[in-house]
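The values are calculated or read from the model by the stated rules, or taken from the named source; none is laboratory data. This one's a predicted model, so the numbers in the text were calculated from it and none came from an experiment. Cβ: placed from backbone, ideal geometry, glycine included. Neighbour counts: every protein chain shown.
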Amino acid sequence: MQNENLVQISFFNQLMLVHPRKKQNERSEASVQVSEYFVNAEGTGDKVNLSDLLGTVEKTSGASNKTKKQLRNLQSSKETLELPLNKQQTEKIQRGIAYEKTTAEVSCWKNIILQNQKAEQMVFPLNQESSGPKRVEQVVAGWKVQTPLEQEIFRLLHGSRQPVNDPVLTPVEEQSLKAMSLEEAKIRRAELQKARALQSYYEAKAKREKKIKSKKYHKVQNKAKRKDFLKQFDEMVKTNPEGALEELKKMELSRMEERMSLKHQNSGKWAKSKAIMAKYDDSARKAMQEQLQMNKDLTQKMVVPSDDEHESIEEGLETVPDFVNDPETVIDPVNPWMRGQLTHEEPEVSCVTAEEVQTAEEENEEEEIIGEFERKRKLRQADEEDLIPTEEEQEEEDEEEDVSEFNTLFRLMRSEKTREGSNQTRGGLNTAGEEDEEGLLSEGQIRVRSIEDLEVLDEVVEPRAIEEPSAPQTAAAEATSEPPHKKKREINLKEVLTKEAKAVRLPFLPTVVDEEERDEQISIIKEAFAGDDVISDFIKDKSRQEAAGRPAVVDLTLPGWGEWGGVGLKPPRWKRKRFRIKTAPPPPRQDQKLPDVIISEKRTASVASHQVSQLPFPFQNTAQFESSIRTPIGSTWNTQTVVKNMTKPKVVTKLGAIIEPMVKEDFIKSYYTLVTLKKYCYISCLCSWYCGVAC
Amino acid sequence: MAAVTPEVLTSTHVEKMKKKKLPKRYWEETEKTDQSQRRPEEEQGKAGQNQNKSTVKEKSLKRKNGESLEKKDPFPGEAPIPQKQLQKFQRGKKCKVPAGARERLKEAIAISEAMSEHAQKQAARYDLLLPEDAGFLEGDEDEDTNTISQADIADAVDITSGSKYFNLHLSQFGPYRLDYSRTGRNLLVGGKKGHVACIDWQTKDLKCEMNVMETVNDVKWLHTEAMFAVAQKRWLYIYDSKGVELHCVKKFNDVLRMQFLPYHFLLATASATGFLQYLDVSIGKEVAAICTKMGRLDVMAQNPHNAVIHLGHPNGTVSLWSPNQKESLVKMLCHRGAVRSLAVDKTGTYMVTSGLDRKLKVYDIRAFKPLHSCFLPAGASCLSLSQRGLLSAATGEIVQVYQNVLGSNPVSKPYMAHRLRGQIWGLAYCPFEDVLGIGHGEGFTSMIVPGAGEPNFDALDTNPYRSHKQRQEWEVKALLEKVQPELIGLDPGQLSKVDQASFEQRHKEQIEALGFDPLAKDKFKPKTKKKGRSSAGAIEKRKRKVAHEDQRDEIRQSVQERTEREKELKEKSNEKKLGNKSTLDRFRK
């Protein structure tokens, strides 16, 4: 009440400050002096100060001493409020925060934009109604089930949540689709990855700390942890009372356990040995005392929760998100991103069957088994080291157990993936009654569930298709193969031309060779072979061409400079050496090894204007680019479908349709509805997974 | 057969029974009733055939296992494509993604690879639509196919095929040159003494006939059967299919041989004056005129693969030409005597030449290497290669046809032979038909050569059965897809390669093409100033100021470089000196 009063007063003050000059004459209030002419308010224009009011508080007897004291303190305190940061700094901070926010907001668009950039074709407007088959409900509006038979059938169908009209998806499947889109799944997967990494760090850290042998260190550490935990608990009481309550319950549980067990009751092997020693050894006595103290502490009923090693350690480790420890319940090995506890996000899935319980049990069993294994291992270690387990060591062991829990869980994840898959199939066979919807589901079309299955189908075909024959280039090789003795230039050209030629047997030899004709032929032949210079001419021609191709030596010698001049005088050697400039020889001619061929070395500049002269962006060398354009796109070389596919436009817009800017909800939620038809198999596998989770 | 029928009947009966059953609904109870029904059937089956029984049993077993009732596709997925067919449509090598490539590069390569693979697969799939295959003449044991006469063949084959063997006795105006249109429907014959006729040779329908009253050296169809070119005594003439003279191209004189490049719409002519000229028939312009300096050009062939013109010369060489280069692309010495005839095969791989030295040579013109040569007693005056690689050679009055010439092993004997009356002047295979047309002194002979023509035609390119309308449409499309003459070269795939010439080279070419240097610096032009400061003397002074600017720049640069080099040298020498220092040098002052 007091506080409230105070607040009111201060508020009043503020009001007064805000409107200080307001005329208050018009207020009508009861006062001691009542004027005849106007209503008078005593003390108008004065501010009401806090101190004025406080004076009365002092006198009033009703107010509690505590508030009075507080008020007095308030009056006497000289502390001033801190100045607010100056404008620049506040703005800077605000800008920083705003930047982070906007980057977070904008970065969620990154994926979709990248996807759209990569897409071979974009069809605008983006979220078009699919042209595929629609449900009867969508097409026929206002149709009702009328006859009792129909009613019954539909009741049955709806009861079992079967796909009544839409042959593609059951409601459960649709729900599962809505539950998570690919984007979300990806994000989730990234989170999981991060968490796993974190976990490994923690593991490493725990291991490292565990290795430290100093007892004192551990003591200090534990104390610190306890303190920390207490602090956290206090905070939790304020902020999260429910959480605190749970903590309390946990503590209660641990207390109960402690009371039930004989752990700290000086009845163990170690304690007995210590008891014998206690007479003579001070430290042993002390240790026993300590243990008893521990027991006392643990069994004490407290308002303020006492410390507990287990919990403090757990608390320390709880900074790791707890879904890390959830075993992977993924049936499908294809979708590694579909991990984590999705069932919690899906409250609609009502049917929790016996199967899940079973799996949970199995989990527990396995944990137990592994725990036992761990214990045995430790025992063995202890034997080996021949050490007496002290109190501290026990604590250490507890810690280690916590760490090993991570490891075991991870091992579990892997093992359970496969097991649950097998469970799933078993469940399909075992189902009865409530589960029959699942059985029915499986009875429908055989679905290609995963991409892997598809690949398997492909693989059936491909080995037949990809039988590598070694035959292809025989013809070409034969064609290009040449007599081996022709490879060198030294071969005589005459030999090449006058090579043995096989005579061909003729069926009809010209029966009569006219005298005239014969003469003619002889003369022609004579003419042809008049000189053997056909060959020598050719060789000359070739050497001329070669010479023309060679770069000329530039002679810059000036006769008469620095020496005697005159007719018939040659420039000296040094001058020739110095002033005759030779250029680098050109690359070897194409016809270097072909004696009877002259190939022109001139570059054809005419094609160059049509050629690509600079390598386009993503390619690193010409070979890559050339191979990327090696397949022609014209209809002369391709089938119609291929041409259409190759030349399809990058952007397609529907005539007359308004292209709205992309909305965030569009691409995150309805991503699947767009892709539904394309990636049906993927979805079906998703669905099966969800059903597996639900049942 | 009769004994088996009853069982067959029963089996069919059983199947009918099965078919009658209603399709199973998911709400129905699972198949207890079914099994009771099936029992008697099974027994029936046992009584019947063994095979039948087993099948029924299998089915029942399946049912018992509770598996689905649907039939399984025994051949799931797409039909496999034979590797051979895939190989046929392979284009180039696949590109591998280099290690450590960028994401964008990976994507680009992946997309292009997927695309080309898809295209290849589809093409291989559609190869199914080319069902026709060529046949060959096969003789009995110890019977040479070359002894079978044309009359026998014509008698043996069906009437339509038999009618493809015929003779046209035109002894007056011979000898004849000839040309088939690209579709193979129309034949053009031109007699040396001026007789020109075009015929639809299958129906024997004479389209036009005339005498140009001049020597005719060669005749050639242009892109359609509506126009043809005739190389006459002086000039080149173009007529339409009715025989109306369309053009007299006086730029093309003394033409001896012609070739038409269908995809470039170019008519290449070789003249007696040694000129090789190209006429673009779509725009009617001369594209190039090259002086070969090789004398009279009366041997000519084209390479259908890359549209390069091959010319044979009296000095035994064969030269290859494109309209883009003033000198021959390749010149190869083929014969010791003059080259008499030339032929290039459809794929552009082989060239067959015959010379005055009475040799027949086969060359691989990708490597420019001879594969083999053979000696023909009479020498071949005319050569022609069919679409499927049959070689016909005219030796005097005899036409010989050789099989498997295009390969590494030489031929020994002809596949077919046919004797004619006069000297042979022209030889040509009819496209898409097993027919060889022979123009000779006594007229024209159409000869049946089994296995000569390509059995499958591309109806979008050359359709022998096309209608008038289709021809018009094709013409428009072909004109739109016309290949520019600049793209003619030895390598037709040049266009798909990156031009790797250096900047200087390109710049040089640019200067050559433009006639000036586009990147040259402008000459300094002093501004006009007022108040007498733009007098001639002042301008000269100002000019002199900048006259050696460029030179100065160069000198400055070279000097700078030199100083830098010297500095470096100094430093190096200093280092050397330091290296020679003794340890006690540090105490020295």
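Worth pointing out:
One line per residue, one yes/no per condition, for (1) hydrophobic (A, V, I, L, M, F, W, C); (2) buried (at least 18 other Cβ atoms within 10 Å of the Cβ); (3) closer than 21 Å to B:Val401 by Cβ:
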position: B:Glu113; (1), (2), (3): no, no, no
position: B:Ala119; (1), (2), (3): yes, yes, no
position: B:Arg125; (1), (2), (3): no, no, no
position: B:Leu128; (1), (2), (3): yes, no, no
position: B:Asp133; (1), (2), (3): no, no, yes
position: B:Gly139; (1), (2), (3): no, no, yes
position: B:Asp142; (1), (2), (3): no, no, yes
position: B:Asp155; (1), (2), (3): no, no, yes
position: B:Tyr165; (1), (2), (3): no, yes, yes
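- When residues of segment B:348-365 are limited to those that are surrounded by 22 or more Cβ atoms within 10 Å (Cβ to Cβ) and among the hydroxyl-bearing types (Ser, Thr, Tyr), the one nearest to B:Val330 (Cα to Cα): B:Tyr363
- Test: residue in segment B:102-111 that is surrounded by 13 or more Cβ atoms within 10 Å (Cβ to Cβ), of a type outside the set (Val, Ile, Thr) and in contact with a strand residue (DSSP E or B) (Cβ under 8 Å, 6 or more places away or on another chain): no
- Candidate set from segment B:102-157 (those that are outside any helix (DSSP H, G or I) and within 9 Å of chain A (Cβ to nearest Cβ)); member that is modelled with the highest pLDDT: B:Arg102
- Enumeration of residues in segment B:323-335 that are over 16 Å from A:Asp596 (Cα atoms) and either surrounded by fewer than 23 Cβ atoms within 10 Å (Cβ to Cβ) or among the β-branched types (Val, Ile, Thr) (or both): B:Asn324, B:Gln325, B:Lys326, B:Glu327
- Among the residues listed as A:Thr673, A:Thr636, A:Thr641, the single one being at pLDDT below 90, surrounded by fewer than 19 Cβ atoms within 10 Å (Cβ to Cβ), assigned to a helix (DSSP H, G or I) and not acidic (Asp, Glu): A:Thr673
- In the set (1) modelled with pLDDT of 95 or more; (2) part of a strand (DSSP E or B), B:His264 fails one condition alone, (2).
- Residue within segment A:79-99 that is polar (S, T, N, Q), more than 24 Å from A:Ala190 (Cα to Cα) and assigned to a loop (DSSP other than H, G, I, E, B) present: yes
- Against the list (1) facing another protein chain (nearest Cβ under 9 Å); (2) within 23 Å of the chain's Cα centre (by Cα), the condition B:Gly77 fails is (2).
- Per the listing B:Lys106, B:Lys93, the residue uniquely charged (D, E, K, R) and under 25 Å from B:Gly493 (Cβ atoms) is B:Lys93.
- Count of segment B:269-280 residues which are buried (at least 20 other Cβ atoms within 10 Å of the Cβ) and free of Cβ contacts under 8 Å to residues at least 60 places away in the same chain: 6
- Qualifying residue in segment B:574-581 (condition: over 30 Å from A:Val612 (Cα atoms), in contact (Cβ under 8 Å) with a residue 12 or more places away in the chain and over 60 Å from the mean Cα position of the chain (by Cα)): no
- Which numbered condition B:Arg419 fails, given (1) in contact (Cβ under 8 Å) with a residue 60 or more places away in the chain; (2) of a type outside the set (Asp, Glu); (3) facing chain A (nearest Cβ under 8 Å); (4) surrounded by fewer than 24 Cβ atoms within 10 Å (Cβ to Cβ): (1)
- Residues located in segment A:593-622, provided they are surrounded by fewer than 17 Cβ atoms within 10 Å (Cβ to Cβ), more than 7 Å from chain B (Cβ to nearest Cβ) and touching a Lys or Arg at 6+ places or on another chain (Cβ under 9 Å): A:Lys593, A:Glu601, A:Phe617
- Any hit, segment A:199-210, residues being polar (S, T, N, Q) and in a helix (DSSP H, G or I): yes
- Residues being exposed (fewer than 12 other Cβ atoms within 10 Å of the Cβ) and within 12 Å of chain B (Cβ to nearest Cβ) are entirely absent from segment A:551-565.
Condition check ((1) modelled with pLDDT of 80 or more; (2) part of a helix (DSSP H, G or I); (3) over 22 Å from A:Ala657 (Cα atoms); (4) of a type in the set (A, V, I, L, M)) across all residues:
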position	(1), (2), (3), (4)
A:Thr103	yes, yes, yes, no
A:Glu120	yes, no, no, no
A:Ser130	no, no, no, no
A:Lys134	no, no, no, no
A:Gly142	no, no, yes, no
A:Val145	no, no, yes, yes
A:Arg161	no, no, yes, no
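- Residues in segment B:497-531 that are in a helix (DSSP H, G or I) and farther than 27 Å from A:Ile598 by Cβ: B:Phe503, B:His507, B:Gln510, B:Ile511, B:Leu514.
- Qualifying residue in segment B:358-377 (condition: among the basic types (Lys, Arg), assigned to a loop (DSSP other than H, G, I, E, B) and on the phi > 0 side of the Ramachandran plot): yes
- Flag for B:Leu371 being within 10 Å of chain A (Cβ to nearest Cβ), buried (at least 22 other Cβ atoms within 10 Å of the Cβ) and within 24 Å of the chain's Cα centre (by Cα): yes
- Residue within segment B:529-546 that is free of Cβ contacts under 8 Å to residues at least 24 places away in the same chain and surrounded by 16 or more Cβ atoms within 10 Å (Cβ to Cβ) present: yes
- Any hit, segment B:322-335, residues being aliphatic (A, V, I, L, M), more than 8 Å from chain A (Cβ to nearest Cβ) and touching a residue at least 24 places away in the same chain (Cβ under 8 Å): no
- Screening A:Gln590 on (1) in a helix (DSSP H, G or I); (2) more than 8 Å from every other protein chain (Cβ to nearest Cβ) shows it passes everything except condition (1).
- Scanning segment A:58-72 for residues that are of a type outside the set (A, V, I, L, M) and surrounded by 10 or more Cβ atoms within 10 Å (Cβ to Cβ) returns A:Glu58, A:Ser64, A:Thr67, A:Lys68, A:Lys69, A:Gln70, A:Arg72.
- Per the listing A:Phe579, A:Phe667, the residue uniquely more than 13 Å from chain B (Cβ to nearest Cβ) and within 52 Å of the chain's Cα centre (by Cα) is A:Phe667.
- In segment B:379-474, counting only strands (runs of 3 or more DSSP E) that sit wholly within it, the ones holding 1 or more residues that are aromatic (Phe, Trp, Tyr) and under 17 Å from B:Val189 (Cα atoms) span B:424-429, B:443-448.
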